[in-house]
Amino acid sequence: MADEPRFDFYEKVIVASANSKLAEIDGRLSAILGRVRCDDGRWFYAVSIYGLDAGWSCYEDELQPTGEFDCRETFFDGTSIRISLDGELVERRLTSD
């Protein structure tokens, strides 16, 4: 298992998986929005699929590089929210860098 992740944030990738749970997004262009190294050493990524309003999760070996990157502003508009322990919206505000 690789110590370092193969993909960086906002990197464009293609979902390429035989996993039937990913059939809906197989072959789709996506961008890396998050990553975590699992207990078994594999990298797991949060991806945003272009053209869909939902995020998905894929293992590193289910993604293929495109050599291209997007920018943070494509995915984040500066708005932040705070949620209570009960799942209710507590605060919504525009943040600045």
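Every number in this text was worked out from the coordinates using simple rules, so none of it is lab data. Nothing here was measured: the structure is a model prediction, and the numbers come from that model. Cβ atoms come from the backbone with ideal geometry, glycine included; neighbour counts cover every protein chain shown.
When 31, 46 are screened for being in a strand (DSSP E or B), touching a strand residue (DSSP E or B) at 6+ places or on another chain (Cβ under 6 Å) and buried (at least 17 other Cβ atoms within 10 Å of the Cβ), only 31 passes. Within the stretch 75-91, none of the residues are among the hydroxyl-bearing types (Ser, Thr, Tyr), out of contact with any Lys or Arg (no Cβ under 8 Å at 6 or more places or on another chain) and under 21 Å from residue 27 (Cβ atoms). For the stretch 49-67, a tally of residues being surrounded by 11 or more Cβ atoms within 10 Å (Cβ to Cβ) and over 12 Å from the mean Cα position of the chain (by Cα) returns 6. Taken over the stretch 1-16, the residue count meeting the criterion of being farther than 20 Å from residue 74 by Cα and either part of a strand (DSSP E or B) or touching a residue at least 40 places away in the same chain (Cβ under 8 Å) (or both) is 5.
In the stretch 17-24, the condition of being free of Cβ contacts under 8 Å to residues at least 60 places away in the same chain, among the charged types (D, E, K, R), assigned to a loop (DSSP other than H, G, I, E, B) and farther than 16 Å from residue 72 by Cα is met by at least one residue. Can you find even one residue in the stretch 68-90 that is assigned to a strand (DSSP E or B) and either surrounded by 12 or more Cβ atoms within 10 Å (Cβ to Cβ) or in contact (Cβ under 8 Å) with a residue 60 or more places away in the chain (or both)? Yes - at least one qualifying residue is present in the stretch 68-90.
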